[in-house]
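A quick write-up on the structure given underneath.
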Amino acid sequence: MRGRSVVSGEGVTDDTPLRLDEAARLAFPDGSISGAALRRAGRAGKLAIERIAGKDYTTLAHIRAMRERCRVVRAPPDRCLLDMRASMEAAKAALSALKRA
């Protein structure tokens, strides 16, 4: 069935092969990621893509794994502040030592 859309996601499991445009619509319903963006992620080695009969497919499980690998982990704010305070204190101490010399 050419051009059939599974937009509702009925019958789609984590391992269902999906064309990249369809996978993008299901995994990112707000439209923020396109099939072309998934293709670029595949070329960059971030997303597993299967090429069958010259067509590119991925699965929702592959997209989930990519999202986990791409997750940005930030240091807790307290640690950032402590590091900044320590740096400032070290700079002040170095400046005071220079002024005394």
With a point put 7 Å past each Cα toward its Cβ, work out how far Glu68 is from Asp30 in nm, to one decimal.
2.3
Would you mind counting up the charge near Arg19? Only other residues with Cβ under 9 Å from its Cβ, with Lys and Arg at +1 and Asp and Glu at -1.
-2
Length released on extending from Asp15 to Leu98, taking residue separation times 0.36 nm less the Cα-Cα span:
23.4 nm
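If you count, for each residue, the other Cβ atoms within 10 Å and average over each peptide, how do 40-50, 20-30 line up from highest to lowest?
Details: 40-50: 14.4, 20-30: 17.5.
Those peptides, ordered most packed to least, come out 20-30, 40-50.
Values quoted throughout were computed directly from the atomic coordinates according to the rules given, and no laboratory measurement underlies them. Note that the structure is predicted; figures quoted are calculated from it, not measured. Every residue, glycine among them, receives a Cβ derived from its backbone with ideal geometry; neighbour counts consider all protein chains shown.
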